[in-house]
1. Springs between alpha-carbon atoms under 10 Å, Gaussian network over the chain: tell me which of 63, 114, 132 tops the mean-square fluctuations.
2. As a footprinting exposure proxy, order 40, 74 by other Cβ within 10 Å, with the fewest listed first.
3. For the stretch 88-156, how big is the tail of P(r) above 18 Å, as a whole percent of Cα pairs?
4. Compute for the chain: radius of gyration divided by Kirkwood radius, i.e. Rg/Rh, restricted to C-alpha atoms, rounded to two decimals.
5. With an 8 Å Cα cut-off and a minimum separation of 6 or more residues, compute the relative contact order for the chain in percent.
6. Cα centroid distance between the stretch 30-57 and the stretch 109-131, in Å?
7. Please give the calculated 222 nm ellipticity per residue for the chain, where each DSSP H segment of at least 4 residues contributes -39500 (n - 2.57) and the sum is spread over every residue; nearest 500 deg cm²/dmol?
8. Please determine, in degrees from 0 to 90 and to the nearest 10, the orientation of helix 124-140 with respect to the longest principal axis defined by the Cα atoms of the chain, where the helix direction is its Cα long axis.
């Protein structure tokens, strides 16, 4: 009986371990996997249409960056890692609105099972890849003090 339970636990663990990955500290690996350019200065390739079926170039203007910087300064209540994370969350939301307004991305919440190929929609691959790009833009503009952008870690 104990052997059977142990076997079930081991097999369950093996299956769960196969569902995760860690790209390590280099965020560039995700861009290589998706055959796209990594962000350069304020220029990014934006993934959309589910699993980066579409990649559209976007450059954050100096006005965009000024608006992001102002928001981050306004949101942070104190100079701490926790407050920086809170400000980053708001900054990413603003960046998504800036990009979406220009590229016509009007992503509906949740998984839209019939949206694959729809240029206005994004799935989790698009969202996580774009978030990494936006974090690199924040980092390259000196807006991250307590955090650095790392590689993707995921499950699925």
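Each reported figure results from applying straightforward, stated rules to the coordinates on display, with no laboratory input. Quick caveat: nothing in here was measured; it's all calculated off a predicted structure. In this analysis, Cβ positions are derived from the backbone assuming ideal geometry, glycine residues included, and neighbour counts consider all displayed protein chains.
1. Of 63, 114, 132, the most mobile in the Gaussian network model is 114.
2. 74, 40
3. For the stretch 88-156, the fraction of Cα-Cα distances above 18 Å is 44 percent.
4. We get a ratio of 1.07 for the chain.
5. 37 percent.
6. The stretch 30-57 and the stretch 109-131 have Cα centres separated by 13 Å.
7. It lands at -16000 deg cm²/dmol.
8. So the inclination is approximately 50 degrees.
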